Amino acid sequence: MVDAAIQHDVLVVGAGLAGMRAAVAAREAGVDTAIISKVHPMRSHSGAAQGGINAAVAKDDSWENHWFDTVKGSDYLADQDAAEILTRLAPDNIRELEHQGCLFSRWQDGRIATRPFGGAGFPRTCFVADITGHVILQTVYEQVLKNGVTVYEEFFVVSLIVEDNVCRGVITLDMSTGKLSAVRAKAVVFATGGSGRVFYKSTNSLISTGDGVAIAYRAGAPVEDMEFIQFHPTTLASNGVLITEGARGEGAYLLNSEGDRFMFKYAPTKGELASRDVVSRAEWTEILEGRGVNGCVLLDLRHLCEARIQERLPQIRELAIDFAGCDPVNAPVPIKPGAHYTMGGIRVDKTCASTVQGFFAAGECSAVSVHGANRLGGNSILETVVFGKIAGVSAAQYAREHDYASFPSSALPDQESRRNALFQTTGKEKVAVLRDAMQAVMNEHFHIFRNEAQMAAGVNKVRQLRERFANVAINDHSMVFNTALTEAFELDAMLDLAEIIALGALARKESRGAHARIDYKDRDDANWLKHTVITRSPEGPKLSYAPVTMGKFQPMERVY
Amino acid sequence: MKSTFLIQRYVPEQDSAPHVERYELDLWDEATILDGLLAIKDSQDDSLAFRRACRHAICGSCSMVVNGYTKLVCKTAIASEVKRGRSELKITPMRSMKVLKDLIVDMSPFWKHFRDVEPWLQPDPAKVPPPNEEYRVTPQQLAPSRKDLNCILCAVCFSDCGVTEVDSHFAGPPALAKAHRFVTDPRDSKRKERLEKLVDLGLWDCAHAYNCMECPKHVDPAHAIADLRRISIEAGITNNIGAKHSQQFTKSVGRNGRLDETRLVMELTGITNVTGQIRNAPQGVRMLLKGKLPLPMHQKVDNPKEVRRIFETVGTKDEQ
Amino acid sequence: MKYAYFTGCVAKGTCPELHASTVELAKVLGIELWEMTDATCCGAGVIRDENPELQIALNARTFAMAEAAEMDIVNICSTCQQNLGQDNRAMREDPALLERTNDILSQNGLHYSGKTQVKNLLWVLVGDYGLDRLAQKVVRPLTGLRVASYYGCQLLRPVEDTGYDDPDNPTSFDNLVRALGGTPVDYAGKTRCCGFHILTVNEDTSTKMAVKRLEEAEEAEADIMVTPCPLCHTSLDAYQPRATKLQGSNVRMPVLHLSQLVGLACGIDVGDLKLNQLMVSPQSALSGVL
C-alpha cells in the first residue's frame, strides 16, 4: 500500500479536446475532477486540426447520411452503433460548443456555415477558417477554467496502475521537479492522443508519441486495429506539416507532373474529395509511376484567388510560405501523403469503458470504433467532443459507484527503478538515433502500400530496435525538466506501438481502408471483417479478433 | 548553412547563475531555429531543455529570445537571422518570467493574467438558444474578433512588452486581446462589467510601444487594446485616469489644434487637488527653470476654426 | 532639399531646444524647412484610441497641406512618425477611407490624394541627405564619445508604416554616430520603450521603464544617450531627476536630441543648440569633444 499525495474521483490524462471535454463533463456531473497533461492544455495537438468538424447541421442534410458516409469511409470496419452515436449527437454537440463561445464561421444569415470535405455526400464540415481545432481547443479550455477543473500541467504519466483488473490510478513524473508520485483515482480517463510520431515526417506534433496507448497496453488493456494508420494526402514535403483537406474542400486541384487532375482516374465522381486513403494511394501511385514532381504531387489553389484563400485558408497559406517557400496564391504547393492519424487505439465500448474496471479512453488514443479502417476528414475532432463528453459522464458515474482502490506497493518503486536504470546504464545507444531508425523502418515497411515480405522484415527490425533500447543511456541526470528522460520514456512507448502496428498489419491478409496490401489487393469480408485485438502477455503481444458491430449498412464496394 | 548558437544554459541544481554555451551547426538552408535546437539536443547535448510541440506555429510552445527579440522559433528560419548579418544566434529565455531551466520559464504569471480576464463566454441565460439552434451571428459581427482568435498564447508579445517587464500588475497584450474577443462578442452579456474590470487590470497602462504588432500569428494586440479603450469610453467608463487623459488630450487638440501638455497635466491632477499639484510642483519648477514651460499661445495652429470643423463632423459628442 | 517641417506639439512646448536646434541644423546642412504652423497634433495614438477616424482626418489635413505645397513631411518625433505613418498607410490601403476622409476635408477646401511621404529627421539624414555627405560637414568630430543611440519603440514599429530600418536589428542610428566620428554603444534597451505614453497615467511603471533604459545605457558605458524623439527625451531627461528619485536609482545620464548631436558635430554653437536647456547637463560627458 502506498499513500498517494494526490487523489481525485476522476483523473483525466491528456488535455487535448477529448481530455478537457471529458473533464468538464465529469465536473458538471458533480465529481471531483483533475487533468494531468505532459504539456499545457493549449499546447495540445488538437489545436492543429485545421479544416473542420462534421455535423449534419444543415436543414437538407441528415445525420443518417453522415452515419452512412462514416461507415462507408471506415471501409465497414467501424462499429455501426458507435458511428451512430457519433453522427446522431454531432449537431447538438456543435451547437453546445457554439453556446459555450466557439465562433464558427457563418453564412450571411448568421447560421453556422459548412464546407465540403472528403468522403462526404454533403457539405457538412463546420469550421473556423482553417484554425478550427485551435478555436475549439480555446473554447473547451475556457470551460475548464470556468468550471475550476484542476490541471496538473507538465506532469508526465509513466504508468497506469491496474491490479485484479481494477484501475487504481497512475504514477506520474512532475517534470518541473523530477518527482515521481502516485495519483489515486476512482476512475481514470485516458485521452492521450495519437501515435503519429512512430512514423517519419508525420503531421503530428512532437508530443504525439502514443504514450497513453502503450501505458494502457502494458497495464493489460487490449488495443484494437492499430495497423490502420491514416496517411493524409496533403502534407508538406519538407517537414510533414499538414495542409488541410479544407483546401480541396474549397476547390483546390491535385495535379501530377503532366498538369493532369489525376484524381478522377481513381475516384470518377468525387475526384479530389474522395476518402483520404483513396487520395493518398492515388498520389502515391502517380509518384511511383513517374508522374510526381520531386517525390510530390501538386496542390493547386491558384484559381481560388487571393481573397478566398485569405478568408478561408489563411493559416495554410502562411505555412506553405514559411515551410515550402511557396505562396499558394501564385504557385501550386508540392505535397505528399504523410502519417497523420491512428485509427486504432485502446479498445473501449460505446460508453468509452475499457475492459479494465474504472479505466476509460476517448479521442485518438481510443478505438470506440467510429473510424474503422479509415477516418473521414472532419470526424476526428467530432469524436473528441462527442466521446470525450461520454467518457467524462461514464467515468463520473463509475466514480460515484466505487471507492478508491488500494495501490500496490511496488507501483512507485518500479518506476523509480526504471528511471534509475536509464541514468545508470553503461550502454551506448542514443534515444534520437533509435527514434530516427524506428521512424525510418515504419515508413519503409508499413507505408501506404504494404506486402508480406516487407512487413515481416519490418517486424524483425522493430524487434532489434527494442533490444537496442535496453542499452539506451541519457547524459542528463538532472531532476528539473529532464526532457531527455521523458523523450526516452516516449521512445519506449513508441517501440511497443511500432511492434503492435507491425504485427497487426502483417497478420491482416486483405486490403481495407488505410491498410492496402499489394499481395492481397481486395477487401475480404468473409475472413477479415473483424477487429484486430492485441493484448500483452508474458510471451509478447497476443493477437485475437473481435466481431464488428454491424447494423443498418451492409458492406458494399466502396467507390467515390 | 553554417551557424553558431550561443545558448543561455541554467540548471538550478548545478548553476548559481546562467552561462552561455556555444554550439556549431551546419544545417539545410531552410532550417528553422527550432530545427537547430532539436539538432543540438539529438546529436550534441541531450540535456538542453526547451519546450516544443507542434513545430508549425499553432501550439505556442517554443517562444524564446533570439538576438534580443522574442520569436516563435519553429517559425523563424536560421537564415532570417544570418541574412541580418548575425550568423551567431544568441538564444535566451523569455523575459518577464522566471527561468526554471535553460530556455524554460515559469509561465504561471502569464496564465494568471489570462484567467483574470474571465476568458469564457458569459451570455444572458435568458437569451441562450435551445440545444438544437445556434446563436445567429453574422460574418460582419464576427469580424472584430477574428484576429484575436488567432492567438496561440505563445507569450512572444508578453516577453517583448516593455510594460510587463517592469509591472507585474499589467495584464499584458495577450490577456487584453482575449478580453477584446469577448467584449466584441455579440453573445456576451457582461461587456460593461468586463470593461470596468479591464481598467483595473491595466487597460490604460499600455505604453503604445507596438512591440506586440510583430505577432507571429498576426493577432495585433495593440489594436485590440486601442479598440477596448475606444469601446470603454463609448460605454461611459470614463471615471479613471486613462480615459480622462485620453479625453482631455483630445479636448486640448480640439481647442487649438495642438496639445497643451502643461495644462493637460494640471487638469489631470485636478486644479483643486492641492496635494497633487504640490507633489508635481518640484518637477514644474525644474521645467520652468530650464525654459521648458512655454506660453499657451505657441500651442495654436493658424486656423483653429478648420480643426474645430473637423471635430464637429467626426468628433465624439463630448468633445464638440 | 526642401521639406514640410512638422514640429509636433512638444518641440513647440516643453522641448523648445529641439525645435531651435533643428532649425539651426537645417541651416548648416542646407536643408530648407517650411514650418507647418497650421498642422495639428498627430493625435499621438491617444486620439486614435478614442476615435480613429478623427485622428485620421486631422492627419489627412496635414498631409493635404504638404501635398499642396509639393513637399514631403519631415518630423522630429517618433510618435509623430508612427502616427502620421500609420494613418497615411491606412488611407493608402483603403480607398473608401480616403474618400470618406476627403469628404470631411472638403469643408475646409482641402483634398489629399495619398502622395505625401512622412520621414523622421533620422531617416532624412540617413536616407535622403546621406551619411557620406553628412560626414563631410563634420567639423567637430565626436572622437572618443561613447553614444547610446536610442531608437525607442515607435520609430521602428510597425515596420510597414515607418520601415526605414529593421526593427529587430536597426543600424541606421549607429551608422550616423560613426559618420559623426563617435563610437556607437550596443545596449539591451536601444529599441525598448521609454514609458512616456503612460507617464501621466501610471507614473510608477513609466519611470521604471525610463530608469531601466538609462541604466542599460550606463551599463554599456555610454557617455550620453541620443534620441530622435522629444517624448523619449521628456521621459529620459526632463523627468530623469524625478524618475531616479522615485525608483531609487543612482543613474545619471545626459540625453541629447538627435539634432543637437548632429549640430554639435557640424560645429554649431553650443548656445544655439540650447544644450543648457537639458535637465541633466552634458557638460562633463562632452568635455572631450567641446
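The values are calculated or read from the model by the stated rules, or taken from the named source; none is laboratory data. Since the structure is predicted, the reported quantities are computational estimates derived from the model, not experimental observations. Please note: Cβ atoms are built from the backbone with ideal geometry, for glycine as well, and neighbour counts cover all protein chains shown. Heavy atoms of the whole protein, side chains included, go into the accessibility calculation; ligands, DNA and RNA do not. Shrake-Rupley method; radii C 1.70, N 1.55, O 1.52, S 1.80 Å.
The aspartates and glutamates whose alpha-carbon is closer than 20 Å to the alpha-carbon of A:Lys186, local same-chain residues fewer than 8 away aside, are A:Asp3, A:Asp9, A:Glu28, A:Asp32, A:Glu163, A:Asp164, A:Asp349, A:Glu401, A:Asp403. Suppose each label sits 7 Å from its Cα in the direction of the beta carbon; what would the B:Asn273-A:Asn294 distance come out to in nanometres? In this crude label model, B:Asn273 to A:Asn294 measures out at 6.3 nm. The residue among C:Leu98, A:Val140, B:Pro93 whose Cα reaches farthest toward the positive pole of the charge dipole of the protein assembly as shown, with charges on the beta-carbon of Lys, Arg, Asp and Glu, is C:Leu98. Taking 1.306 mPa s as the viscosity and 10 °C as the temperature, the Stokes-Einstein diffusion coefficient of the range A:207-349 based on its alpha-carbon Kirkwood radius rounds to 98 µm²/s. Past 22 Å, Cα to Cα, is the threshold; run C:Lys2/C:Lys190; A:Lys461/B:Lys41; B:Lys71/B:Lys178 against it and keep the listed order. Check vs 22 Å cut-off fails for C:Lys2/C:Lys190; A:Lys461/B:Lys41. Less than 5 angstrom separates the built amide H of A:Phe190 from those of A:Val13, A:Phe360, A:Ala361, A:Ala362, all sequence-distant by 5 or more or on a different chain. Rounded to whole numbers, the Karplus 3J(HN,Hα) couplings from phi for the range B:200-208 are 5, 7, x, 3, 9, 8, 4, 9, 6 Hz, using 6.51 cos²θ - 1.76 cosθ + 1.60 with θ = phi - 60°, and x at Gly and Pro. Pull up the cross-link candidates among the lysines for A:Lys552, meaning alpha carbon to alpha carbon under 16 Å and not fewer than 8 places away within one chain. A:Lys552 reaches A:Lys72.
As a length-normalised measure over Cα pairs under 8 Å and 6 or more apart, the relative contact order of the range B:161-231 settles at 39 percent. For the range C:104-179 versus the range B:110-182, the inter-centroid distance based on Cα atoms is 36 Å. Counting only Cα atoms, the size of the range A:283-400 along its three principal axes is 59, 36, 20 Å, in decreasing order. Dividing the summed -39500 (n - 2.57) terms of all DSSP H runs of n ≥ 4 by the residue count of the protein assembly as shown sets its mean residue ellipticity at 222 nm at -12000 deg cm²/dmol.
Across chain B, C-alpha contacts under 8 Å between residues 6 or more apart give a mean separation that, scaled by the residue count, equals a relative contact order of 13 percent. Straight-distance candidates among the aspartates and glutamates for linking to A:Lys542, with alpha-carbon spacing under 15 Å and chain neighbours fewer than 8 residues away dropped: A:Glu224, A:Asp225, A:Glu227, A:Asp496, A:Glu499. Using a Gaussian network model of chain B in which every pair of alpha carbons under 10 angstrom is joined by a spring, one finds that among B:Pro119, B:Pro304, B:Pro93 the greatest mean-square fluctuation is at B:Pro304. Here, the range A:439-501 yields an orientationally averaged convex hull projection of 4.7 nm² when only Cα atoms define the hull.
Considering all different alpha carbon pairs of the range A:63-152, the Kirkwood hydrodynamic radius works out to 14.6 Å.
For chain C, the longest principal axis of the Cα atoms and the long axis of helix C:16-29 meet at an angle of about 90 degrees. If you take every DSSP beta bridge whose two residues both sit in chain A, what share of them, in percent to the nearest 5, is antiparallel? Among the beta bridges of chain A, antiparallel pairing accounts for roughly 65 percent.
What FRET efficiency would be calculated for the residue pair C:Met1, B:Asp45, taking the C-beta separation as r and a Förster radius of 41 Å, to the nearest 0.05? The formula returns an efficiency of 0.15 here. Where the centroid of each part is defined by its Cα atoms, how far is the range A:33-92 from the range C:227-290 in Å? So the two Cα centres are separated by 65 Å. Dividing the Cα radius of gyration of chain A by 2.2 N^0.38 Å, with N the residue count, gives 0.91. Comparing B:Gly60, B:Gly85, B:Gly36 in a Gaussian network model of chain B, where Cα atoms under 10 Å apart are tied by springs, the biggest mean-square fluctuation is seen for B:Gly85.
For the range B:2-105, taking Cα atoms only, Rg and Dmax work out to 12.8, 38 Å respectively. For the range A:438-515, applying the loop criterion from DSSP together with a ceiling of 15 other beta carbons within 10 Å to the trypsin sites (Lys or Arg not before Pro) yields A:Lys509.
Count the net charge of all other residues whose Cβ sits under 13 Å from the Cβ of B:Ser168, scoring Lys and Arg as +1 and Asp and Glu as -1. Write down the numbers at each step before the final one.
Working: positive: B:Arg95, B:Lys98, B:Lys112, C:Lys208; negative: B:Asp106, B:Asp116, B:Glu165, B:Asp167, B:Asp205, C:Asp204.
With Lys, Arg at +1 and Asp, Glu at -1, the neighbours total -2.
Shown here: the range C:131-277, whose C-alpha atoms stretch 45, 37, 26 Å along the first, second and third principal axes, sorted largest to smallest. Sequentially through the range A:452-465, phi angles give Karplus couplings (6.51, -1.76, 1.60; θ = phi - 60°) of 4, 5, 5, 6, 4, 5, x, 4, 4, 5, 4, 5, 5, 5 Hz, Gly and Pro residues having no value and appearing as x.
Could you give the longest part of chain A that holds none of the GluC sites (Glu not before Pro) found in DSSP loops with at most 11 neighbouring Cβ atoms within 10 Å? The segment A:1-257 is the longest one with no such site.
Under 5 Å from the amide H of B:Leu89 lie the amide H atoms of B:Thr4, B:Phe5, B:Leu6, each residue being 5 or more positions distant or on a separate chain, with H modelled from the backbone and absent for Pro and chain starts. Restricting to the protein assembly as shown, compute how many DSSP beta bridges are antiparallel as a %, nearest 5. Of those bridges, close to 60 percent are antiparallel.
With θ taken as phi - 60° and the Karplus curve 6.51 cos²θ - 1.76 cosθ + 1.60 applied, the whole-hertz 3J(HN,Hα) list for the range C:179-192 is 4, 8, x, x, 10, x, 10, 8, 8, 4, x, 5, 10, 9 Hz, x standing for glycine and proline. Between B:Ser189 and A:Glu467, the FRET efficiency from the beta-carbon distance, with R0 = 60 Å, is close to 0.45.
Out of every Cα pair in the range C:2-120, what percent are spaced more than 17 Å from each other? More than 17 Å apart: 53 percent of the Cα pairs in the range C:2-120.
Every Cα-Cα pair in the range B:241-319 was counted, and those over 20 Å apart are 42% of them.
Under a 5 Å amide H cut-off, with hydrogens placed 1.01 Å from N, B:Leu48 pairs with nothing among residues at least 5 apart or on other chains.
The ellipsoid equivalent to the alpha-carbon distribution of the protein assembly as shown has semi-axes of 58, 32, 29 angstrom, derived from the gyration tensor eigenvalues as √(5λ) and listed largest first. Using the empirical formula 2.2 N^0.38 Å as the baseline, the Cα radius of gyration of the range B:83-179 reaches a ratio of 1.49.
A:Ser37 sits among other residues whose Cβ lies under 15 Å from its own Cβ, and their net charge, with Lys and Arg +1 and Asp and Glu -1, is -2. The reciprocal of the average 1/r between distinct C-alpha atoms defines the Kirkwood hydrodynamic radius, which for the range A:113-229 equals 17.4 Å. The fraction of accessible area contributed by carbon and sulfur in the range B:108-234 is 53 percent, rounded to a whole number (1.4 Å probe; ligands and nucleic acids excluded). A Gaussian network model of chain B, with springs between Cα atoms under 10 Å, assigns the largest mean-square fluctuation among B:Ala57, B:Ala39, B:Ala155 to B:Ala39.
Considering only Cα atoms, the convex hull volume of the range B:108-234 works out to 113 Å³ per residue. When all alpha carbon pairs of the range A:236-316 are counted in 10 Å bins from zero, the resulting P(r) reads 18, 51, 30, 2 %. Hey, if you drop one equal point scatterer on each alpha-carbon of chain B and run the Debye formula without solvent, what base-10 log of I(q)/I(0) do you get at q = 0.08, 0.09, 0.11 Å⁻¹? Debye output, listed in q order: -0.53, -0.65, -0.88. For every other residue with a beta carbon closer than 13 angstrom to the beta carbon of A:Ser410, add +1 if it is Lys or Arg and -1 if Asp or Glu, then tell me the sum. Net charge in that neighbourhood comes out at -1. Entry for the range B:195-289 at q = 0.15, 0.16, 0.20, 0.23 Å⁻¹: log10 I(q)/I(0) = -0.76, -0.83, -1.08, -1.19, Debye formula applied to identical alpha-carbon scatterers, no solvent contribution.
Using only side-chain charges placed at the Cβ, +1 for Lys and Arg and -1 for Asp and Glu, the dipole size of the protein assembly as shown relative to its Cα centre rounds to 960 debye. With only alpha-carbon atoms in the gyration tensor, what are the semi-axes of the equivalent ellipsoid for the range A:401-511, in Å, largest first? For the range A:401-511, the semi-axes come out at 31, 21, 11 Å. Given a 1.4 Å probe, show me the residues in the range A:122-161 buried by at least 30 Å² of accessible surface when comparing the whole protein assembly to the chain alone. Residues meeting the cut-off: A:Ile131, A:His134, A:Gln138, A:Tyr141, A:Glu142, A:Leu145, A:Lys146, A:Glu154.
What percent does the relative contact order of chain A come to when contacts are Cα pairs within less than 8 Å and at least six residues apart? Computed value for chain A: 22 percent relative contact order. Cβ-Cβ distance of C:Arg133 and B:Ala17, R₀ of 51 Å, FRET efficiency by 1/(1 + (r/R0)^6): the value works out to about 0.60. For chain C, the extents of the C-alpha atoms along the principal axes are 55, 44, 32 Å, listed from largest to smallest. Rounded, prolate or oblate: which fits the range B:184-233 when a ≥ b ≥ c are the square roots of the eigenvalues of the alpha-carbon gyration tensor, with rounded for a/c under 1.5 and prolate only if a/b beats b/c? It comes out oblate by the Cα gyration axes. Across the range A:442-560, the fraction of Cα-Cα pairs farther apart than 23 Å, rounded to a whole number, is 45%.
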